[in-house]
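One structure is given below, encoded as structure tokens.
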Amino acid sequence: MRVRQRPPEKARIELIPMIDTMAFLLVFFMIASLAMSQQAGLPVRLPRAQSADAQTWGDRSLVVTLDAEGSIFLNKDAVAPGSLGAEVQRRLAARPNLIVVINADSNVRHGRVVAAMDAVKKAGAAQMAFATQPAQGDSSRGQ
């Protein structure tokens, strides 16, 4: 008795698992890039405001952080209080359309915030914003 052999099947590439993998990678990199582009400032205890709107400036912002210990940071880089204006002016010379965000701790004295604002304004900043936290119970708004 003679047994018939089946012809070998042609190799094929399964597309469904590949599409699933590509969709997963796309979502992963989208979420990862969003997490990286939030704000360049350091975490501080921001004051609360009822009218706080969610804003994301991404790479269009220059963040001036004033912490409770008296330190000043410019996009996570420590800056001497006297050289804040010169540093901001240097960065604005390269990119004049930057939005300067004042990210001050709620325990910082008003005079220090005004001094930082004055230095930023003298440096030539055309747009300035204040980072705030939404008031308690208002989860529909961001900083």
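Compute the distance in nm between two label points, each set 7 Å from the Cα along the Cα-to-Cβ direction, one at MET22 and one at ASP77.
Placing both labels 7 Å along Cα→Cβ, they lie 4.1 nm apart.
Would you please give the residues with an amide H less than 5 Å from that of ALA129, counting only those at least 5 places away or on a separate chain, with H modeled from the backbone geometry?
Residues meeting the amide H criterion: VAL100, VAL101, ILE102.
Tell me the relative contact order for segment 61-115 as a rounded percent, counting alpha carbon contacts under 8 Å between residues six or more apart. Provide the component values of the computation, followed by the final result.
Working: 63 pairs, mean separation 25.3, N = 55.
Dividing the mean separation by the residue count of segment 61-115 yields 46 percent.
List PHE73, PHE28 from most exposed to least, where exposure is judged by having the fewest other Cβ atoms within 10 Å. Can you show the working numbers first?
Details: PHE73 19, PHE28 10.
Ranking PHE73, PHE28 by Cβ neighbours within 10 Å, fewest first, gives PHE28, PHE73.
If you take every DSSP beta bridge whose two residues both sit in segment 48-134, what share of them, in percent to the nearest 5, is antiparallel?
Numbers: 6 of 18 bridges.
Expressed as a percentage, antiparallel bridges in segment 48-134 total about 35.
How many percent of Cα pairs in segment 48-134 exceed 21 Å?
25 percent
Each value in this text was obtained by applying a stated rule to the coordinates, not by laboratory testing. The structure presented is a predicted model; accordingly, all values stated were derived computationally and were not measured. Positions of Cβ are generated from backbone atoms using ideal geometry, with glycine treated the same way; all protein chains shown enter the neighbour counts.
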